[in-house]
Amino acid sequence: MPEGETDNQSAQRERIRVRGRVQGVGFRPFIWRLAARYGVAGDVRNDAEGVLIRAEGAALDAFAAAIRAEAPPLAAIEGVERAPLEAGPAFGGFSIVETVGGGAATRVAPDAATCADCLAEITDPAERRHRYAFANCTHCGPRFSIVERIPYDRAATTMRAFEMCADCCAEYRDPADRRFHAQPIACPVCGPRAWLERDGAEVAGDPIAEAARLLRDGAIVAIKGIGGFHLASDAGAEAVVAALRARKRRPGKPFALMAPVAQIRRYAALSPAEEAALRDPAAPVVLLAPRAMIADGAAPLAPSIAPGLDRVGWMAPYTPLHHLLLDAFGGPLVMTSGNLSGEPQAIEEEEARAKLAPFADAFLMHNRPIARRLDDSVARVERGELRLLRRARGFAPATLETPPGLTAAPPVLAAGGELKAALCLSKDGAALLTHHLGDLEDALSYEEYEKAAADYADLFDHQPAAIACDLHPDYRSTRFAEERAATLGLPLIRVQHHHAHIAACMAENGWPLDGAPVLGVALDGTGYGPDGSIWGGEILLCDYRAYRRVAHLAPAALPGGAAAVKEPWRCLLAQLAHAYPDANSADAALAGTPLAARLGGKPVAALRAMIAKGVNAPLSSSAGRLFDAVAAALDVAFDRQSYEGETGMRLEAMARGASADAGAYRFALEAGGAAKVIDPSPLWPALLEDLRAGLDAAIIARKFHEGLALGFAAALRPHLAASGAVAFSGGVCANAVLMERLVAALRAEAGASTPVLTHREAPASDGGLALGQAMIAAAQVN
């Protein structure tokens, strides 16, 4: 008698509904195998709400418990609901029923890295998929990047053009096979193929072996992957990496690297959590510390991989094509997005030929169409937990649970921000934060943003009852929201930028709608304040419905407006003008420091006049701009940042190189009307004196981080009793050194009992902003 089976007298009949990400992940054959184990008769089918099981047997409790406990690796169960099934004829065994109906209550699975079984097949000469670059099964392979509509069947994916051969059909129809209903199933006989192009012609021979040979010879190769093209080069050849930087117009932004995990260990000091992240089916780029000395036999990396940084982004190969290429090449590869800096990556062959020809010496192509562009996700392990810095391939379109009190709220569409744009669609107790869509200042990125809004709405059958956006009137996302609300006749809810940041952190941590107010520390570069100034160094006492500003960084001018965001020396001049209102005093303070000469070549007098008169010099309490000023003082990107966030990333790296007991610069806490002012003026005399004394720049950077943390902790102290937790959000909170010191300083003020809320699945940057907007809007329309 099968495990769990007893006599028919004790048999029960139930309808078991399983909700969540349960289609396209091998769920029905999993249920079929469980049914055989527990002696359950009945059937299982996909439908518009997920998976429906009709079950009859004596061990239904154990059967239902195993559904949750043993679900397939790519499944995400949100609910298992059991109800009596009406009496009827006995089932003759257990069967799998074809998909019924449409709709999108179920969840689409993210793309998943090659599983161990498929990897074993492509490396085994006895297997029919030996060296096949598109092997996959229900445990791995493309999902979100190929699906075009729901329900998830082959005809609804970009694989519909590839007719299965007899062998693939047999696997597809066999419930005992791990490829049962694997929609991207393929083999060399019937599936996609890869080829290598050079100078407009296909190159003869094994395309992967030939691509590896070109890479060893110093070529840059454009490679079509799951979510778009990468540009690949030898990570150990400085001349080649420098050429890639020059061709791509990317002078300083770090490159990501790809290598098998065993090889990454030779270069990086991996913690167990970091190794687990590299091996995760999502296969993100993980920021890793280098080993003190690379392992014997490992070639050094090119020095310009990550200039000025002490962390390198590594990812493991996540498709069979990547595995085969890296095996043939024999070392780590640079694997950066196939685009001109700032534009979306190419996804189609003709698009790649047109756009990437100036960068690439050859193209490794394939003919499986990509349904949507998906950048690589980026993450770091901080305080023992994986934290997403960019949410994209491998994580989207997984959903987050909405917090208690908002699970029954009407559907909301939130438009997000301007940089690191993402939308959020909330519905039925779930919040779907879209993949990273780029910076909307770029016209092509905005086109992708509009496409994504329509794509997600169709794919997930989302019909909003309200639309949310940022307060900033000139954001393209704001204008998009205004137009959409007007067209649909829906209420438009404008949400203050930093309130949205904190609400996103609250929601991700399950903070309830009617929970105690939260003290939110929001640190970023730019956010529109209701007073018309630019905020960015804020402490808010808030819930989802409202907020109150209780403290903030002292406002300083942005001389030249947008120019100050790109040229850190302008922020330095503004901070000095705030600390030394008299120009003579400022010049005296600079005397004897390297900055006197560096600023001597700039139009200092003109900018001081702009600041004094308030002409083209808006005020900003931005923490990001304060980082710019300190970075400029240390001659980091003094004239111009080559990428967004450069100064913060490089200061973080410098600070990590100094001892935690280096000391701290002082910040003053002053009355400022309704909100206290955290004033950095006192740090400047001390910092300039340290420059005069020739103190190591790493120690100065560390003292700045420590002082900023202590300054905000002191400003939090008076409000701790009125709050239920402290939440940290905003792009500056992606700085691991600062977060470590902020949490430590808070613990010193509040003790260990105060809950600390931080980001993990939603980025702390503007990539998570739309989640907070959606929750605030949901609270208002609930």
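Looking only at residues of the range 657-671 that are in contact with an Asp or Glu (Cβ under 6 Å, 6 or more places away or on another chain) and not in a loop (DSSP other than H, G, I, E, B), we find that the one that is nearest to ALA714 (Cα to Cα) is ALA668. For the range 401-409, check the following and say yes or no: at least one residue is out of contact with any strand residue (DSSP E or B) (no Cβ under 8 Å at 6 or more places or on another chain), farther than 19 Å from MET506 by Cβ, touching a residue at least 60 places away in the same chain (Cβ under 8 Å) and of a type in the set (A, V, I, L, M). Within the range 401-409 (the criterion being out of contact with any strand residue (DSSP E or B) (no Cβ under 8 Å at 6 or more places or on another chain), farther than 19 Å from MET506 by Cβ, touching a residue at least 60 places away in the same chain (Cβ under 8 Å) and of a type in the set (A, V, I, L, M)), the answer is no, since none of the residues qualifies. Scan the range 760-769 and give yes if some residue there is outside any helix (DSSP H, G or I), under 20 Å from GLY645 (Cβ atoms) and aliphatic (A, V, I, L, M), otherwise no. Yes, some residue in the range 760-769 is outside any helix (DSSP H, G or I), under 20 Å from GLY645 (Cβ atoms) and aliphatic (A, V, I, L, M). Considering every residue within the range 104-127, establish whether at least one is farther than 30 Å from LEU374 by Cα, without any contact (Cβ under 8 Å) to a residue 24 or more places away in the chain and surrounded by 13 or more Cβ atoms within 10 Å (Cβ to Cβ). Looking for residues that are farther than 30 Å from LEU374 by Cα, without any contact (Cβ under 8 Å) to a residue 24 or more places away in the chain and surrounded by 13 or more Cβ atoms within 10 Å (Cβ to Cβ), one finds at least one in the range 104-127, hence yes. Within the range 150-169, being surrounded by 14 or more Cβ atoms within 10 Å (Cβ to Cβ), assigned to a loop (DSSP other than H, G, I, E, B) and of a type outside the set (Val, Ile, Thr) holds for PRO151, TYR152, ASP153, MET159, ARG160, PHE162, MET164, CYS165. Counting just the residues of the range 463-472 that are touching a helix residue (DSSP H, G or I) at 6+ places or on another chain (Cβ under 7 Å) and either over 19 Å from GLY772 (Cβ atoms) or not hydrophobic (A, V, I, L, M, F, W, C) (or both), which one comes out most open to solvent (accessible area, probe 1.4 Å)? It comes out as HIS472. The condition of being open to solvent by less than 10 Å² (accessible area, probe 1.4 Å) and assigned to a helix (DSSP H, G or I) holds for only one of HIS719, HIS705, that being HIS705.
Can you find, within the range 1-39, the residue that is modelled with the lowest pLDDT among those that are part of a loop (DSSP other than H, G, I, E, B) and among the β-branched types (Val, Ile, Thr)? Outline the logic, then answer.
Initially, the range 1-39 is screened for residues part of a loop (DSSP other than H, G, I, E, B), giving 1-7, 11, 22-26, 39.
Going one step further and asking which of them are among the β-branched types (Val, Ile, Thr), we end up with 6, 22, 25.
Details: THR6: 37, VAL22: 87, VAL25: 85.
Ranking the qualifying residues of the range 1-39, first place goes to THR6.
Applying the criterion of being within 18 Å of the chain's Cα centre (by Cα) and not β-branched (Val, Ile, Thr) to the residues of the range 328-337, the residue that is least open to solvent (accessible area, probe 1.4 Å) is MET335. Every condition in (1) free of Cβ contacts under 8 Å to residues at least 12 places away in the same chain; (2) crowded, with 18+ Cβ neighbours inside 10 Å is met by GLY227 except one, and the failing one is (1). Of all the criteria given as (1) on the phi > 0 side of the Ramachandran plot; (2) open to solvent by 30 Å² or more (accessible area, probe 1.4 Å), the one not satisfied by PRO260 is (1). Taken over the range 170-203, the criterion of being small (Gly, Ala, Ser) and either surrounded by 15 or more Cβ atoms within 10 Å (Cβ to Cβ) or outside any helix (DSSP H, G or I) (or both) is satisfied by ALA176, ALA182, ALA186, GLY191, ALA194, GLY200, ALA201.
Which members of the range 46-58 meet the condition of being part of a strand (DSSP E or B) and at pLDDT below 90? Write out each step before concluding.
Taking the range 46-58 and keeping what is part of a strand (DSSP E or B), we get 46-47, 50-57.
Across the range 46-58, the qualifying residues are ASN46, ASP47, GLY50.
Determine, yes or no, whether GLU81 is open to solvent by 10 Å² or more (accessible area, probe 1.4 Å), in a strand (DSSP E or B) and under 25 Å from HIS139 (Cα atoms). Yes, satisfied.
For (1) open to solvent by less than 10 Å² (accessible area, probe 1.4 Å); (2) outside any strand (DSSP E or B); (3) under 25 Å from ASN735 (Cβ atoms), each residue gets a yes or a no:
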| site | (1), (2), (3) |
| --- | --- |
| GLU343 | no, yes, no |
| PRO358 | no, yes, no |
| PHE363 | no, no, no |
| ILE370 | no, yes, no |
| LEU386 | no, no, yes |
| ALA396 | yes, yes, yes |
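For the range 473-516, filtering for residues that are open to solvent by less than 40 Å² (accessible area, probe 1.4 Å) and touching a residue at least 40 places away in the same chain (Cβ under 8 Å) leaves 23.
Can you work out which of the residues in the range 130-149 that are part of a loop (DSSP other than H, G, I, E, B) and among the β-branched types (Val, Ile, Thr) is farthest from CYS168 (Cα to Cα)? That would be ILE146.
The values are calculated or read from the model by the stated rules, or taken from the named source; none is laboratory data. Here the structure is a predicted model, which means the values were calculated and not measured. Cβ: placed from backbone, ideal geometry, glycine included. Neighbour counts: every protein chain shown. Note: areas computed on protein heavy atoms with side chains; ligands, DNA, RNA excluded. Shrake-Rupley method; radii C 1.70, N 1.55, O 1.52, S 1.80 Å.
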